[in-house]
Amino acid sequence: MKAIQVIWLREIRAFRGAFSCGVPVAAFLAVYGWTFVMTLRNNEGSVLQIQSIWGLSAAPWLPILSAVLTMRLFAEERATGMIDLLMSAPIRERDLVLGKFFSAMTVMAVTLGLSLLVPTLLLPALSAPLLTPASAAAIAATALILLLQASAWCAAGTMISVLFRNQAAAAVSSLIVCSALPIAVYAAILTWMPGLRAQVAWMPLLVHVYDFSTGLFSTAVIALYVAATLFFLFACSKLLALLRLRG
Amino acid sequence: MLDVDHITFSYGARRILTDITFDVAPGEIIAVTGRNGAGKTTLMKILACLLMQDAGTVRLQGIDALRRPVKYRRGIGYLSEHSPLYSDMTVEEYLTYRVRLKGERALRVRRRVSETLAASGLSGMQDTRIRLLSHGYRKRVSLADALSTHPKLLLLDDLLAGLDRPQRKACAAALAAASSRASVVVTGHEIDEMLDWCTRVMVLDGGRIAALFRTSDFERAELTERIDRLLAGPPGGKEAPA
């Protein structure tokens, strides 16, 4: 536990001063803000609630943000050789992975918290008569699904970062795994296996966000994201152990 | 203290180390030398648990490096060949981070860091950013890191490479002090200097131990000549261990 905390603190510090953190977070907030405004405009007169618009505007950009945030976690350590010092320290691979993963998740949570300022403070202040404020429970449910999705993306990104010394290669690979691959698989199923349509109808990730934001909880969906996160983190610690086999 | 027993290691089909066996007693400093590619760094990486040997065992005070890796690693201090450090930290911040990471109790961290800074001759530099340090001082910070938790075994890969004479002397002094409570394995090509403070010299050649000399058994000139002869000869040459 102590080792996780030490690594978490180190990574938070590294994130604080890193170009690879401030710029992507600012870019995420900018594109999210634009998506939010466009979604609001396109749904004028509809029954879409404000927390749903928040979730649906933030979710598509999470894989990109997580890929950029996690790309340096292990790739940089491998490029500089610091990985040798970390691996020769008396800590388990699992602690190393968790410390780094939690640091990325902390940045994700803070970023999502900042994105929440638009629907909760900014928008009501600008157009108070037009909006009924979202309930805290609805916002919490939307935040939960966004954090669950972010944790799966961050875990995948952390795992992929172990495989590379080049941060850009790690980011591109994370993006492929986190965005392009699910979309491609989903499109392929819809195109070539129409019989499976009903089974995968729940797959689109935005549907999960919409459901949670409107109070439709599903333990299966929670289990899916938790399982994905645990799988990627487990694979990450095993990949690190594998580095000991072949350097 | 350290028992290395019939270690063998290959990268794919390429054999890097073959049947390496030696032991290091408490307080002993063993210098490992050899041509480039002889397997010195690979041996150090195996001793530091960074690589897993194909066969053989490594034990530190009876603790097997593969069976109980965390406990084994608690007993070692490792200096990597290229001395990587976090450039955004100051010397003190870096050492504090490393001491905490190695599991030192919170109450002792501050004391350990001050002791280490003093022992490594870095007392006046604790607030200097690592990115501003010269190669020599970076190496000394790495050495300080390796020494920080008073390990039982110090593994120093290419300790003297790229250091000027005063830095080498400072490193040697720090090492001499540390050897009173630790066994030391140090690699390098600077055999003349290492002979000043090591107790045994191991010459690696083509991944095998070509010779293992006890420095007290030879006149310095004779020992240097023997080592030079081994390093200059054809790969695979072997001298009977002393």
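The values are calculated or read from the model by the stated rules, or taken from the named source; none is laboratory data. Here the structure is a predicted model, which is why all the values come from computation and not from measurement. For neighbour counting, all protein chains shown are included, and Cβ atoms are generated from backbone atoms with ideal geometry for every residue, glycine included. The protein model used for the area step is the full one, side chains on, heavy atoms only, and it has no ligands, DNA or RNA in it. Shrake-Rupley method; radii C 1.70, N 1.55, O 1.52, S 1.80 Å.
With contacts taken as Cα pairs under 8 Å at a separation of at least 6 residues, chain A carries a relative contact order of 30 percent. Rolling a 1.4 Å probe over the protein heavy atoms leaves B:W197 with an accessible area of roughly 50 Å².
Pairs of Lys residues in chain B that lie 8 or more places apart, or on two chains, and have C-alpha atoms under 19 angstrom apart add up to 10.
Looking only at other chains, what is the average number of their beta-carbon atoms within 10 angstrom of each beta-carbon in A:3-13? Can you show the working numbers first?
Numbers: counts 5, 0, 1, 8, 3, 0, 2, 8, 0, 0, 5.
Partner-chain Cβ atoms within 10 Å, mean over residues of A:3-13: 3.
With a Förster radius of 25 Å applied to the beta-carbon distance between B:K71 and A:A241, the computed FRET efficiency rounds to 0.90. Mean per-residue shielding of peptide B:210-222 is 0, counting Cβ atoms of other chains within 10 Å of each Cβ.
Cα gyration tensor of the stretch B:74-156, axes a ≥ b ≥ c as square roots of the eigenvalues: rounded (a/c below 1.5), prolate (a/b > b/c) or oblate? List each step's numbers first, then the result.
Working: a/c = 1.66, a/b = 1.21, b/c = 1.38.
Taking the square roots of the gyration eigenvalues as a ≥ b ≥ c, the stretch B:74-156 is oblate.
Taken across both chains, chains B and A shield about 2600 Å² of accessible surface from a 1.4 Å probe. On the accessible surface of the stretch A:2-104, probed at 1.4 Å, how many percent belong to carbon and sulfur atoms? Ligands and nucleic acids excluded, carbon and sulfur reach 63 percent. When A:F231, A:F102, B:F9 are compared by accessible area at a 1.4 angstrom probe, the order from most to least is A:F231, A:F102, B:F9.
Note on B:S216 and B:S134: the extension gain reaches 26.0 nm, defined as 0.36 nm multiplied by sequence separation minus the Cα-Cα distance.
How would A:V31, A:V47 rank on accessible area, largest to smallest, probe 1.4 Å?
Details: A:V31 55, A:V47 130 Å².
Descending accessible area places them as A:V47, A:V31.
Taking the Cα of B:R181, stepping 7 Å toward and past its beta carbon, and measuring to each backbone N in the stretch B:139-166: which are under 16 Å? Inside the label zone: B:144-155.
Ligands, DNA and RNA aside, A:K2 has an accessible area near 80 Å² when probed at 1.4 Å. Amide H to amide H, with H built 1.01 Å from N, B:A55 comes under 5 Å of B:T8, counting only residues 5 or more places away or on other chains.
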